[in-house]
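**Q** Questions regarding the structure given below will be posed in turn.
The values are calculated or read from the model by the stated rules, or taken from the named source; none is laboratory data. Everything numeric here is computed off the predicted structure, so don't read it as measured data. FYI the Cβ positions are ideal-geometry reconstructions off the backbone, even for glycines, and counts take in every protein chain you see.
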């Protein structure tokens, strides 16, 4: 690992000033960043440790739930308020990583998690995300884990987070602080598609620091489910995952929320399928139709065409669990 | 300048030794340090070969409690807790498996919570309490989890065992050892290539059901 200067941020303002300088990165849990630094994928000159900032609180607000950026993934997943009000988020968090990693990883760090595309990690391979302009190794390579939605000729990597898929389904808002003050970014506008700039994972400005997320109150708690399909039963990245939240009244769906992981450069929200389900009975037939709608526009590559079948089947399965049909 | 660095008085010797990875890393580190250090130090480094001069500018103080003993060290910011435990404190019970947070062999407790020490920068543990496998036994008396691993053959080659045991203790303390299924899920961060999983689960269940304090 390249030598770097270690700085400890005493205040939020100090951290914001520090990150605006070139070659500087924020460190919190370090589970992703230290790994990338060991592999030479990233080599910052300065690391700013923000773990001492008071951003760990989890509290109910008038309109929802506030979770500090430095709250640990394990803490959030077991927090009483989260489990009662937003069980979908707790389920998504528990599906991610291992207990040890969840004890280190923070909410802010999880939002900033980079892709696990093997061509991004392997510094001997071309990768437009790691080194813009070098090409995409995955496009013609072993692309079994890769995107089926929203990819570009420059990049077919997927976002690896489970937490973010849960947050996407729950209409979370990312709260960031910068030199000009605070800004609220809806989760669906936080991460970006690769387009011509796969090196950019999100819309966070260089001088901005994530300070928390907010989840608006909803009626999905009773009918929520996070389904993660992976190569082994636990501790693996998703081939496909589905976050489903339903507001059901007397067998009829009032509102639905659906998001998928493992299929795109960002958590993939299924707006059209949600619209289809609103006002319809919670039945397997309707779930199947919603899944077909969700798959419109999907495009597979050489080794990931199985996702074209796995994804709709997973949507149906998640909806059946969420609605209590299973 | 390069030649001078190679023949440091601490690692002078054969060509083989000079070309070792360790020396290469030390050279790289010195070059970086020289670029960042004030003129006096540059002059010292140029006129004298001692890489310890460079180290003095690279290292930072780290105070932590390891297995109940206060430790004060000088560490490079890039040194992981795992490497500090093994290389500087000679606590080699904690194992380096994958070194990328994928296998769990390096699991230790920081302030009572299990973490991967390979992805933890040592400098960020400043002021905290670390427990390693060496800190579980009380004198000659093994920890109940260590006894249970012996009784149930919870290992074959033994390389993953320190991490398994640290994780197993945490698993019970966290309240995640209530069924075989739950134990398997909450032990999934510790890989055993010998496949001793059934016996590891048995060991954890026995300790859990025995109700002994862990």
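**Q** Quick one: in the stretch A:51-70, of everything that is touching a helix residue (DSSP H, G or I) at 6+ places or on another chain (Cβ under 9 Å) and without any contact (Cβ under 8 Å) to a residue 60 or more places away in the chain, which residue is surrounded by the fewest Cβ atoms within 10 Å (Cβ to Cβ)?
**A** Filtering the stretch A:51-70 down to residues touching a helix residue (DSSP H, G or I) at 6+ places or on another chain (Cβ under 9 Å) leaves A:51, A:53-56, A:58-60, A:64-65, A:67-70.
Filter once more, so that each one left must be without any contact (Cβ under 8 Å) to a residue 60 or more places away in the chain: A:51, A:53-54, A:56, A:58-60, A:70.
Working: A:51: 16, A:53: 20, A:54: 9, A:56: 17, A:58: 17, A:59: 11, A:60: 12, A:70: 23.
Checked the stretch A:51-70; the qualifying residue surrounded by the fewest Cβ atoms within 10 Å (Cβ to Cβ) is A:54.
**Q** Now a separate question. Give me the residue from the stretch A:196-241 that is in a loop (DSSP other than H, G, I, E, B), in contact (Cβ under 8 Å) with a residue 24 or more places away in the chain and within 25 Å of residue A:17 (Cα to Cα) and, out of that set, nearest to the other protein chains (Cβ to nearest Cβ).
**A** The extreme case among them is A:201.
**Q** Something else about it: Among all residue pairs at least 6 apart or on different chains, which show Cβ distances below 6 Å where the first residue, located in the stretch B:115-127, is over 15 Å from residue A:99 (Cα atoms) and at the interface with chain A (Cβ under 7 Å from one of its Cβ atoms) and the second is in a helix (DSSP H, G or I) and at pLDDT below 95?
**A** none
**Q** A further question follows. Which residues, counting only those in the stretch A:96-120, are in contact (Cβ under 8 Å) with a residue 40 or more places away in the chain, in contact with a helix residue (DSSP H, G or I) (Cβ under 8 Å, 6 or more places away or on another chain) and within 12 Å of chain B (Cβ to nearest Cβ)?
**A** Residues satisfying the conditions are A:96, A:97, A:101, A:104, A:105, A:109.
**Q** Condition test on residue B:161, is it in contact with a helix residue (DSSP H, G or I) (Cβ under 9 Å, 6 or more places away or on another chain), surrounded by 23 or more Cβ atoms within 10 Å (Cβ to Cβ), closer than 30 Å to residue A:48 by Cα and modelled with pLDDT of 95 or more?
**A** So residue B:161 fails the test.
**Q** Now a separate question. Identify the residue in the stretch B:184-201 that is within 11 Å of another protein chain (Cβ to nearest Cβ) and assigned to a helix (DSSP H, G or I) and, among all such residues, is nearest to residue B:167 (Cα to Cα). Give the derivation first.
**A** Going through the stretch B:184-201, the residues within 11 Å of another protein chain (Cβ to nearest Cβ) turn out to be B:184-191.
Keeping just the survivors that are assigned to a helix (DSSP H, G or I) gives B:184-186.
Details: B:184: 12, B:185: 12, B:186: 9 Å.
Only one residue tops the list, namely B:186.
**Q** Okay, next question. Quick check, is residue B:130 within 26 Å of residue A:39 (Cβ to Cβ), within 14 Å of another protein chain (Cβ to nearest Cβ), outside any loop (DSSP other than H, G, I, E, B) and out of contact with any strand residue (DSSP E or B) (no Cβ under 6 Å at 6 or more places or on another chain)? Steps first, answer last, please.
**A** Details: within 26 Å of residue A:39 (Cβ to Cβ): yes; within 14 Å of another protein chain (Cβ to nearest Cβ): yes; outside any loop (DSSP other than H, G, I, E, B): yes; out of contact with any strand residue (DSSP E or B) (no Cβ under 6 Å at 6 or more places or on another chain): no.
When the stated conditions are applied, residue B:130 does not pass them.
**Q** Could I ask something else about it? Condition check: part of a strand (DSSP E or B) and within 14 Å of another protein chain (Cβ to nearest Cβ). Does residue B:109 satisfy that? I'd like the intermediate steps shown before the answer.
**A** Numbers: part of a strand (DSSP E or B): yes; within 14 Å of another protein chain (Cβ to nearest Cβ): yes.
Here the answer is yes, as residue B:109 does meet what is asked.
**Q** Still on this structure, please answer the following. Residue by residue through the stretch A:75-89, note down the ones that are in contact with a strand residue (DSSP E or B) (Cβ under 7 Å, 6 or more places away or on another chain) and free of Cβ contacts under 8 Å to residues at least 24 places away in the same chain.
**A** Correct list: A:79, A:81.
**Q** Next question, about the same structure. Does residue A:273 satisfy being surrounded by 15 or more Cβ atoms within 10 Å (Cβ to Cβ) and part of a loop (DSSP other than H, G, I, E, B)?
**A** Working: surrounded by 15 or more Cβ atoms within 10 Å (Cβ to Cβ): yes; part of a loop (DSSP other than H, G, I, E, B): no.
Considered against the rule, which asks whether it is surrounded by 15 or more Cβ atoms within 10 Å (Cβ to Cβ) and part of a loop (DSSP other than H, G, I, E, B), residue A:273 comes out as no.
The rows are residues; the columns are (1) more than 14 Å from every other protein chain (Cβ to nearest Cβ); (2) in a loop (DSSP other than H, G, I, E, B); (3) closer than 19 Å to residue B:101 by Cβ.
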site: A:6; (1), (2), (3): no, no, no
site: A:14; (1), (2), (3): yes, no, no
site: A:18; (1), (2), (3): yes, no, no
site: A:21; (1), (2), (3): yes, yes, no
site: A:26; (1), (2), (3): no, no, yes
site: A:31; (1), (2), (3): no, yes, yes
site: A:34; (1), (2), (3): no, no, yes
site: A:42; (1), (2), (3): no, yes, yes
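**Q** Also, quick follow-up: Tally the residues that are free of Cβ contacts under 8 Å to residues at least 12 places away in the same chain and under 18 Å from the mean Cα position of the chain (by Cα), restricting the search to the stretch B:151-210.
**A** Qualifying residue count for the region: 1.
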